[in-house]
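Just so it is clear, none of the values below were taken in a lab; they were calculated from the coordinates. As the structure is a computational prediction, the values presented were derived from the model and not from experiment. Positions of Cβ are generated from backbone atoms using ideal geometry, with glycine treated the same way; all protein chains shown enter the neighbour counts.
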Amino acid sequence: MKVVLILADGMRPDSLSDIVQAQKLISESSYTLCGETVYPSVTLPCHISLFHSVTPQRHGTTTNTYVPQVRPINGICEVLKQADKKCAIFYNWEELRDVSRPNSLTHSCFYAGRRIGYKEAGEVLTEEAIRYLKNYDTDFTFIYFGYPDMAGHNHGWMTEEYMEAIQSSWDNIEKLMSELGDEYTYIITADHGGHDRTHGSNMHEDMLIPIIINGKDFEKGKELKSANIIDIAPTVTKLLGVEPDSDWEGTPLL
Ligand SMILES: [Zn+2]
C-alpha cells in the first residue's frame, strides 16, 4: 500500500457540487463534506497540524510564519522515515518547506506559484509527480495546489474565478489518479475554506473542509463521521502499517 495525499488550498466542501470529477470520486470513496480544520484557519498552521496531528495551540505556528516547536513533535514524514518508508512532497507555496524536518524526505519538488502562476505551477507539479512516482517507489506523497486560495483572495470565494481554480485542481487530480492507478490510496482534502476574500476565522465557511479517501480499505459512498484535519496523519501511518507518534492527538479514519 502506498498513499498519495492531495491538498487544494482553500477548497470549500460546497465548491465540489458542480465538479464532475469530484462527484464521481465521492461516489467511489469514503468521504465527508463537513470535516473540520483547526483554528486559526490559516494555511501554514493548518498544514503543520495536518502533518503533526496536534492543534496550533500545541505546535505554536499560528500565522504563515513558521515557529520551530519548543518541544518538537515528529510529523508524518519523520515517523515514516524512522520506519524506513520513503516520502516525497510537491508544492508551489514555499512556506510549506517546514511541514517536514531535514533528512525525512527522499524527494522534494517546488515550483513558485508566485513566479510562474499557480495554475501553471499546479500543472507542472502534476507532471513532475507522475514522472517521479512512476520511476521511484514512494510510500507517501504529498501534492499541494495553491491556485484556489490565490483565486479566493484575488476574486472572492465561490466566484467564477475561484471555481475555475477548483476545476483546474480537479483536472490535475484526475490526471494523477488515472496515471498512477489503484496501487495507491488517495486522500483529497483542503487546509481551510474561505469567505469574501479572506479566511482565518472560526466561521463554518472557513473551518469546514472536504476529506475524500479512495482506496481498497475504504467503503464506496460511505460518509465519514466527525473527521478533523488532525486525523489525517494517523490515517496515513495506519495505511502504511506504521505506529503513530505518541504525541499525536488525531484518530485514524479507518
Ligand atoms: Zn489564503
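What is the sum of charges, Lys and Arg at +1 and Asp and Glu at -1, for the other residues whose Cβ falls under 13 Å from the Cβ of GLU95?
Net charge around GLU95: -3.
Can you give the net charge of the other residues whose Cβ lies under 11 Å from the Cβ of GLY75, counting K and R as +1 and D and E as -1?
Net local charge, GLY75 excluded: -2.
Enumerate the amide H contacts of ALA227 below 5 Å, restricted to partners 5 or more residues apart or on another chain; note that Pro and chain-start residues carry no placed amide H.
GLU36
If you project the alpha carbons of the range 69-166 onto the principal axes, what extent comes out on each, in Å, largest first?
Dimensions of the range 69-166 along the principal axes of its Cα atoms: 45, 38, 22 Å.
Are there trypsin sites (Lys or Arg not before Pro) in the range 156-254 that DSSP puts in a loop and that have at most 14 other Cβ atoms within 10 Å, and which ones?
Here the sparse-neighbourhood loop sites are ARG197, LYS216, LYS220, LYS222, LYS225.
Based on C-alpha coordinates, I'd like the Rg and Dmax of the range 56-112, in Å.
Answer for the range 56-112, Rg first and Dmax second: 12.1, 32 Å.
Over the range 177-220, consider all pairs of different Cα atoms and compute the Kirkwood hydrodynamic radius from their mean reciprocal separation; express it in Å, one decimal.
Here the Kirkwood hydrodynamic radius works out to 12.4 Å.
For the range 126-227, what is the Kirkwood hydrodynamic radius in Å, using each pair of distinct C-alpha atoms?
15.3 Å
With the convex hull built on the Cα atoms of the chain, state its orientation-averaged projected area in nm².
Averaged projected area of the chain's Cα convex hull equals 11.6 nm².
Find out how many positive minus negative residues lie around HIS52, taking Lys and Arg as positive, Asp and Glu as negative, among other residues whose Cβ is under 10 Å from that of HIS52.
Local charge sum for HIS52: -3.
Would you kindly derive the ³J(HN,Hα) couplings of the range 75-81 from the backbone phi angles with the Karplus curve 6.51 cos²θ - 1.76 cosθ + 1.60 (θ = phi - 60°), listing them in order in whole Hz, with x for Gly and Pro?
x, 3, 5, 5, 5, 5, 4
Using the Cα atoms of the range 156-201, I'd like the radius of gyration and the largest Cα-Cα distance, Dmax, both in angstrom.
Considering the range 156-201 through its Cα atoms, Rg and Dmax are 13.6, 39 Å.
Which entries in LYS85/LYS222; LYS119/LYS216; LYS81/LYS119; LYS86/LYS238; LYS86/LYS225 show an alpha-carbon gap greater than 23 Å?
LYS85/LYS222; LYS119/LYS216; LYS81/LYS119; LYS86/LYS225
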